[in-house]
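Working notes, structure below.
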Amino acid sequence: MAQRDYVEKDYYRILGVAKDATQSDIAKAYRRLARENHPDAKPGDAAAESRFKEVSEAYSVLSNADKRKEYDEVRRLVGTGAFGGGGPGGFSGGFPGGGVAGGFDLGDIFGQVFRNGGNGAGGGFGTPRQTRRAARPRGRDLETTMTLSFADAMAGVTTTLRVSGQATCRTCSGSGAAPGTSPVTCPVCSGSGVVASNQGLFSFSEPCDACGGTGRQIPTPCPTCHGTGTEDRPREIRARIPAGVKDGARIRLAGRGEGAPAGGEPGDLFVNVKVEPHPLFGRRGDDLTLTVPITYGEAVLGTRLTVPTLDGPVTLRVPPGTPSGKTLRVRGRGAPAGRGRGDLLVTVELAVPRNLTKTQRKALEAYAALEDGDALRERFAPYLDAAPVGGDQGV
């Protein structure tokens, strides 16, 4: 439904009811007119079809309490000349450009009316919507990348970052005014940064041309920044990187980005962190990982291993019969995480020797003679008894 319909169409007249008609009266009028003009009742009658659509449109507005309230209030305002015209009849023929009155979009007007102070049909609007203060200008966000060693990432560091861009002017400290002078409140907007343009019952705000929307004027601009409050220069920023930071983390340093024009807020600085790998430790979330080789005898008989951690060595018990690839957990020896720590996950891996001494080979052969490998592979037996598909397969 077009915005202009609320002004151009008298839905009460279309349904043939009074403006104070009850919802029941409106429903009865609609049903009667809909039956009379329905396309099924008058097939091929273009006028009846048009009338049916008009009646349906009127009913869709007046049967809805909120829409009816909005419709009544808009037509009441039009009748007062708030849009620069006369009553509803004075708008017959529409607005140039479609739905625009006096250079303002009716959709914007209606939205402001019913979101910012409308108090219902018959109650009036009282005071217009108040003018809002202009938004303060903001400096650009900056981004940089830093690389940390694994140890520094785990411990946390305070470092110096070097960035370039607009920064607070050192001559005027960001005021934009020459030393010994000060900015003054804009006399046009009284420091709000916006001015109001009254249109009947409505007040529309726009940036103040006299001060550029800042709310201030600078009679004597700073010779370095020429009144902007910022200058282009490199600077050093001290930043604290928290303990346990992860590779790929993005840290926000509020207010450490580029400076803003005089009176504005600085942007933020975002630090992208890269963490170098460690020769021993890996990382899985807040847990650290470590792979430790063990001998066959240690795996079978069990043993105690001394393994490294970030805080010094610890002794780890390996139970008898531990298979290769088993992961054992050392609690509280992982990466820092908030107020706590993750765990250290130690994976034991069976080391198979490539060269044996004569004594080792003799002992291993004696042990092998006592083992029954076929019993371990008993589940393969049904397949081994089947007819061979080919000859011996070398590896």
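Please name all residue pairs, on different chains or six or more residues apart, with Cβ atoms under 8 Å, provided the first residue is in the stretch 45-65 and is assigned to a loop (DSSP other than H, G, I, E, B) and the second residue is among the hydroxyl-bearing types (Ser, Thr, Tyr).
If the second residue must be among the hydroxyl-bearing types (Ser, Thr, Tyr), the pairs left are 63/30.
Go through the stretch 1-44 and count every residue that is in a helix (DSSP H, G or I) and either without any contact (Cβ under 8 Å) to a residue 24 or more places away in the chain or among the small types (Gly, Ala, Ser) (or both).
13
Against the definition (at pLDDT below 50, under 30 Å from residue 27 (Cβ atoms) and part of a loop (DSSP other than H, G, I, E, B)), how does residue 97 come out, yes or no?
no
Could you check how many residues of the stretch 360-387 are closer than 20 Å to residue 324 by Cβ and not in a helix (DSSP H, G or I)?
Looking only at that region, the number is 2.
Do you know which of the residues in the stretch 132-161 that are under 26 Å from the mean Cα position of the chain (by Cα) and of a type in the set (Gly, Ala, Ser) is modelled with the highest pLDDT?
For the stretch 132-161, the residue satisfying everything is 139.
From the residues in the stretch 360-379 that are surrounded by 10 or more Cβ atoms within 10 Å (Cβ to Cβ) and either assigned by TED's automatic domain parsing to the domain that holds residue 323 or among the basic types (Lys, Arg) (or both), which one is modelled with the lowest pLDDT?
Step by step, filter the stretch 360-379, then rank; the result is 377.
Does the stretch 243-256 contain any residue that is touching a residue at least 60 places away in the same chain (Cβ under 8 Å), under 23 Å from the mean Cα position of the chain (by Cα) and crowded, with 19+ Cβ neighbours inside 10 Å?
Yes, the stretch 243-256 has at least one match.
From the residues in the stretch 175-192 that are within 37 Å of the chain's Cα centre (by Cα) and under 20 Å from residue 206 (Cα atoms), which one is surrounded by the fewest Cβ atoms within 10 Å (Cβ to Cβ)?
Out of the qualifying residues, it is 190.
When both residues are 6+ apart or on different chains and their Cβ atoms are under 7 Å apart, which pairs have a first residue that lies in the stretch 274-288 and is free of Cβ contacts under 8 Å to residues at least 60 places away in the same chain and over 17 Å from residue 341 (Cβ atoms), and a second that is surrounded by fewer than 18 Cβ atoms within 10 Å (Cβ to Cβ) and not aromatic (Phe, Trp, Tyr)?
280/308
For the stretch 170-190, which residues satisfy the criterion of being closer than 25 Å to residue 224 by Cβ and without any contact (Cβ under 8 Å) to a residue 40 or more places away in the chain?
Of everything in the stretch 170-190, those that are closer than 25 Å to residue 224 by Cβ and without any contact (Cβ under 8 Å) to a residue 40 or more places away in the chain turn out to be 173, 180, 181, 182, 184, 185, 186.
Does the stretch 101-110 include one or more residues that are modelled with pLDDT of 75 or more and part of a loop (DSSP other than H, G, I, E, B)?
no
Surrounded by fewer than 18 Cβ atoms within 10 Å (Cβ to Cβ) and either over 36 Å from the mean Cα position of the chain (by Cα) or farther than 30 Å from residue 286 by Cα (or both): does that describe residue 219?
Yes, satisfied.
If I filter the stretch 338-359 down to residues being farther than 24 Å from residue 324 by Cβ and among the small types (Gly, Ala, Ser), which single residue comes out as modelled with the lowest pLDDT?
Only one residue tops the list, namely 338.
Residue 327 versus (1) under 30 Å from residue 244 (Cβ atoms); (2) in contact with a helix residue (DSSP H, G or I) (Cβ under 9 Å, 6 or more places away or on another chain): which is the lone unmet condition?
Of the numbered conditions (1) under 30 Å from residue 244 (Cβ atoms); (2) in contact with a helix residue (DSSP H, G or I) (Cβ under 9 Å, 6 or more places away or on another chain), the odd one out for residue 327 is (2).
The values are calculated or read from the model by the stated rules, or taken from the named source; none is laboratory data. Just so you know, these numbers come straight off a predicted model, no measurement behind them. FYI the Cβ positions are ideal-geometry reconstructions off the backbone, even for glycines, and counts take in every protein chain you see.
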